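Right, one structure below, let's go through it.
Any read-out appearing in this document is the output of simple, stated calculations on the displayed coordinates, not a laboratory observation. Note that this is a predicted model, so its numbers are computed, not measured. Neighbour counts run over all protein chains shown; Cβ positions are idealised from the backbone, glycine included.
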Amino acid sequence: MNVLIIGGGASGMVAALTAAKSHNVTILEQRDRIGHKLLVTGNGKCNMTNADQSLSHYHGLLDEEGSRMFAARVLKRFGKEEVLSFFMDLGILPKEKNGYIYPNSEQASAVLDVLRFALKQEKVRIVCDARVNGIEKKGDRFLVKTSQGEFHADRVILCTGSKAGIPKDQATGYELAARLSHRIIDPLPALVQLCSDEKICKGLAGIRLNGTIRLYEDDTLLDTRSGEIQFTNYGISGIPTMQLSYLAAKKLSAHKKVKVSLDLLPDHTEEDCLHILQQRKELGGYKSAEQFLTGMFHKNLGICLMKSIGVSLSESVSKLSDHDLNSLCKQIKSFELQIRQTRPFSDAQVCAGGIDLNEVKDTLESKLVPGLYFAGEILDINGDCGGYNLQWAFSSGMLAGQLEN
Ligand SMILES: Cc1cc2nc3c(=O)[nH]c(=O)nc-3n(C[C@H](O)[C@H](O)[C@H](O)COP(=O)(O)OP(=O)(O)OC[C@H]3O[C@@H](n4cnc5c(N)ncnc54)[C@H](O)[C@@H]3O)c2cc1C
């Protein structure tokens with residue numbers, strides 16, 4: 001059979017290699033080369049998968065539990081072990097760092113290289129600069145229209161990824177699937193930075209500290225993550241922020257009020273924190289309020305915290321009242337920022353949303369268009385930070401490439 005893979009990304013290359021064991025395979029890629037996004041994954045190191053394979057790391061926008069169960073059925077057939085074994089056969093020696101799995105060389109380019117070597121070996125045809133503009137079903141066959149002319153195929157695997165992290169002028173595959181009657185769950189940026197209105201953020205830009213972030217819808221706690229919080233001139237970034245961003249994006253798109261509360265001293269209880277502040281007052285009565293937190297927090301953060309409790313920066317520390325210390329302690333343990341929006345798709349690592357899984361079989365074949373398959377991020381499954389999105393792209397690519405009915 002002739003098989004067309006649309007999109008030469010993580011899932012497309014793996015689907016192509018799998019299908020090429022028994023079929024003639026061609027990859028159609030809109031860019032000048034395959035695997036562009038793979039090269040930037042994991043800051044150029046490619047976090048391929050993770051030792052922790054709990055299903056709670058997978059999400060779906062339309063139906064969280066349904067998407068997770070769908071992912072589970074795919075991962076049961078082609079999970080972490082199968083993906084690692086696939087890549088080890090191609091030459092990748094994996095290594096683990098705190099559960100995150102990378103190629104031993106810590107080079108994303110190595111992952112792309114071994115895929116390219118194997119694609120050549122399996123005689124997969126790669127057509128670059130070929131943007132796909134339409135897919136039509138003609139009887140049992142497909143007609144695929146591209147910027148490089150028309151292609152015919154017995155099977156098509158749509159592996160066009162998402163809107164996340166791509167240049168604005170690049171196409172996606174959502175419209176192609178929609179024209180074949182598939183329902184698209186409107187994509188949202190996920191694994192992305194959060195923007196706040198607070199003018200405060202500008203003064204804190206560049207500060208990084210270990211903390212805990214609590215995400216709230218009004219006063220209801222939604223989720224909590226810890227790790228490095230990075231302040232930026234628009235809001236906050238860093239891994240725990242990214243991990244919470246999917247839930248924040250979902251609530252914001254439903255016009256809910258979203259805020260984060262930052263614990264800036266997570267290794268100390270509120271009681272400890274108050275005690276520390278009282279001691280600092282006793283020992284530093286000769287200092288000004290502006291100098292009170294020097295040595296405890298970054299200078300700008302210290303000043304911002306003092307301002308937030310309404311004391312004058314020139315006030316003597318000896319004059320700080322119990323009420324001031326209590327308010328300061330509250331600010332340190334729960335520093336609130338209202339979240340206005342997420343950063344745009346171009347800054348996101350992945351998208352939530354995509355092809356409605358209700359219209360896709362467990363084999364990843366379309367229930368609406370026989371012979372059409374999907375793999376990767378185009379489906380309504382998104383993973384946490386930590387290698388779960390590439391794991392999904394590789395696993396679904398392996399399954400789709402089997403071309404089972
Ligand atoms: C900065 C960054 C860092 C990341 N780091 C990690 C990480 O370390 N670990 C992890 O698990 N995940 C990471 N991700 C997410 C991961 O890269 C994606 O989830 C994964 O690449 C999705 O694979 P895919 O095959 O579905 O899509 P992609 O890899 O995006 O491939 C889709 C391909 O289809 C092509 N295409 C799209 N539309 C058309 C069309 N109409 N015609 C022809 N071609 C088309 C695109 O040009 C692209 O080459 C990161 C993402 C970004 C942006």
Computed over the Cα atoms of segment 348-405, what is the convex hull's projected area averaged over all directions, in nm²?
3.8
What residues of segment 50-66 lie in the reach of a label at S253, counting those whose backbone N is under 17 Å from a point 7 Å from the Cα along Cα→Cβ?
58-66
Listed pairs K257/K333; K287/K307; K199/K299 exceeding 19 Å between Cα atoms
K257/K333
Taking neighbour counts of Cβ atoms within 10 Å as a proxy for exposure, in what order, fewest first, do Y388, Y286 appear?
Y286, Y388
Within a Cβ distance under 15 Å of I101, other residues only, what is the Lys/Arg minus Asp/Glu net charge?
-2
Would you mind checking segment 121-142 for residues with the amide N under 17 Å from a putative spin-label position 7 Å along Cα→C-beta of H152?
135-142
Got a sec? Charge dipole of segment 193-342, +1 on Cβ for Lys and Arg, -1 for Asp and Glu; which of H268, A254, L328 is way out at the positive end?
A254
Summing Lys, Arg as +1 and Asp, Glu as -1, what charge do residues with Cβ under 12 Å from the Cβ of A190 carry, A190 excluded?
-1
Where does the charge balance sit around E315 when Lys and Arg score +1, Asp and Glu -1, over other residues with C-beta under 13 Å from its C-beta?
+2
Hey, got the dipole for segment 252-338? About the Cα centre, +1 on K and R Cβ, -1 on D and E Cβ, debye to the nearest 20?
380
Per the 1/(1 + (r/R0)^6) rule, R0 = 60 Å and r from the Cβ atoms of K123 and D219, FRET efficiency to 0.05 is 0.50
GNM, the chain, Cα, under 10 Å: largest mean-square fluctuation among H59, H36, H298?
H298
Calculated diffusion of segment 193-342, Stokes-Einstein form, Kirkwood radius summed over Cα pairs, 4 °C and 1.567 mPa s, µm²/s
82
Return one quarter of the surface area of the convex hull spanned by the alpha-carbon atoms of the chain, equal to its mean projected area, in nm².
20.6
At a Förster distance of 41 Å, what's the computed FRET efficiency of D267 paired with L368, Cβ-Cβ distance as r, to 0.05?
0.15
The simple spin-label model distance between S314 and D347, using points 7 Å out along Cα→Cβ, in nm, is 3.7
Please build a GNM for the chain, connecting alpha carbons under 10 Å apart, and tell me which residue among P189, P266, P240 fluctuates the most.
P266
How many angstrom separate the Cα center of segment 22-38 from the Cα center of segment 334-358?
28
Let me know the Kirkwood hydrodynamic radius for segment 1-51, please, with Cα pairs as the basis and the value in Å to one decimal.
11.9
Could you tell me which residue out of V132, Q279, L204 lies farthest along the dipole of the chain toward its positive end? Charges go on the beta carbon: Lys and Arg +1, Asp and Glu -1, centred on the Cα centre.
V132
Hey, what number do you get for the chain at 222 nm if only DSSP H runs of n ≥ 4 count, each worth -39500 (n - 2.57), divided across all residues, to the nearest 500?
-9500 deg cm²/dmol
To the nearest 0.05, the calculated FRET efficiency linking K299 and E359 through their beta-carbon distance, R0 being 45 Å, is 0.25
Okay, which of segment 161-201 sit inside 17 Å, backbone N to the point 7 Å along the Cα-Cβ direction of D63?
182-186
Residue with peak Gaussian network fluctuation, the chain [Cα springs, cutoff 10 Å], from S105, S147, S196:
S147
Tell me the Kirkwood radius of segment 166-206: reciprocal of the mean inverse pair distance over distinct alpha-carbon atoms, in Å.
13.9
